[in-house]
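The values are calculated or read from the model by the stated rules, or taken from the named source; none is laboratory data. Predicted model only: the values in this text are computed from it and were never measured. Glycine also receives a Cβ, built like all others from the backbone with ideal geometry; neighbour counts cover every protein chain displayed. Protein only, heavy atoms only, side chains kept; ligands, DNA and RNA dropped before computing areas. Shrake-Rupley method; radii C 1.70, N 1.55, O 1.52, S 1.80 Å.
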Amino acid sequence: MFITFEGPDGSGKSTQLRRIIRVFERLKIPLLTTREPGGTEIGDQVREILMNMKNRSMKARTEILLFNAARAQLVETVLRPALAAGTIVISDRFADSTLAYQGYGHQTPLEPLRQLLAFATGNLVPDLTLLFDLPAEVGLRRRLSNHDEWNRMDDYDLPFHERVRGGYLALAAEAPRRWVTIDASGDADQVTRTVVRVMIDRGVLPADAGRIPVSEIA
Ligand code: TYD
């Protein structure tokens with residue numbers, strides 16, 4: 001089972017992932033989590049290039065290839081072996097981030113991007129993708145209030161981030177069996193309850209997971 005968390009910047013998906021990790025720990029269910037860009041030694045070095053504010057002159061094509069270089073390394077060395085061993089894997093972002101940010105955000109044609117993604121991932125597609133949806137402006141305001149996390153991607157203008165959000169909603173509408181859209185604009189505890197319920201409904205977590213109080217995993 002390969003699950004991905006997607007959403008605009010500041011959607012709180014990384015916080016939710018930390019809480020879900022605690023649910024798996026409490027139920028003693030093996031889980032591997034990873035994040036993009038990064039998740040491998042080589043990928044983390046590529047991440048530094050991508051996120052560094054001094055690389056503001058980076059072109060969209062350069063950005064696309066770097067994200068996918070990090071991704072190819074992650075797929076081959078981490079994701080494929082774990083999935084082959086039957087481990088549940090959750091990735092904080094995956095290929096859909098490229099379609100949303102570089103495709104819709106930078107307005108790069110989607111078809112060549114899809115071909116590149118197929119090459120970089122060897123056609124690995126998630127079984128389930130949770131979209132943490134919220135207005136771009138709300139997400140960016142959250143990021144700004146935590147200024148040390150601000151990176152080169154956050155620094156693109158608001159219309160860029162609005163296109164990213166719209167792109168995600170379009171991708172989710174295209175493949176409604178794989179995507180579940182969660183309203184991430186409200187209370188974090190409520191979002192956690194929704195994530196747990198979705199995972200129970202999709203057979204990822206057993207029904208017991210619904211009885212763990214959010215206060216114990218927050
Ligand atoms: P990160 O600090 O990990 O943000 P978040 O917590 O929102 O995931 O930064 C990752 C940034 O890179 C984020 O702005 C999304 C962007 N990104 C792309 O533009 N394309 C991609 O393929 C990936 C994986 C991420």
**Complete:** Per the filter on the stretch 177-214, residues within 20 Å of S11 (Cα to Cα), free of Cβ contacts under 8 Å to residues at least 24 places away in the same chain and open to solvent by 70 Å² or more (accessible area, probe 1.4 Å) are D187, Q190, R193, R197
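Identify, from the list G210, G103, the residue that is outside any loop (DSSP other than H, G, I, E, B), over 24 Å from A70 (Cα atoms) and of a type in the set (G, A, S).
When all the criteria are applied, what remains is G210.
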**Message:** Suppose we filter T108, T129, T77 for residues that are hydroxyl-bearing (S, T, Y), part of a strand (DSSP E or B) and either open to solvent by less than 50 Å² (accessible area, probe 1.4 Å) or touching a residue at least 24 places away in the same chain (Cβ under 8 Å) (or both); which single one remains?
**Reply:** T129
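Quick check: anything in the stretch 16-36 away from the ligand (no atom under 16 Å from the Cβ) and part of a strand (DSSP E or B)? Before the answer, list the steps.
Our first condition is that a residue be away from the ligand (no atom under 16 Å from the Cβ); within the stretch 16-36, this holds for 22-32.
Pick out the ones that are also part of a strand (DSSP E or B) and you get 31-32.
Checked against the condition, which is being away from the ligand (no atom under 16 Å from the Cβ) and part of a strand (DSSP E or B), the stretch 16-36 yields at least one hit.
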**Test for K54: is it in a loop (DSSP other than H, G, I, E, B), over 23 Å from L131 (Cα atoms) and away from the ligand (no atom under 13 Å from the Cβ)** = no
**Checklist (1) in a loop (DSSP other than H, G, I, E, B); (2) touching a residue at least 40 places away in the same chain (Cβ under 8 Å); (3) loosely packed, with under 15 Cβ neighbours inside 10 Å applied to R141, failing item** = (1)
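Quick one: which residue in A69, A82 is more than 12 Å from the ligand (Cβ to nearest atom), open to solvent by less than 70 Å² (accessible area, probe 1.4 Å), assigned to a helix (DSSP H, G or I) and of a type outside the set (S, T, N, Q)?
Every option except A82 fails the conditions.
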**Asked** Taking the stretch 34-57 as the region of interest, how many residues are open to solvent by less than 40 Å² (accessible area, probe 1.4 Å) and among the hydroxyl-bearing types (S, T, Y)?
**Response** 2
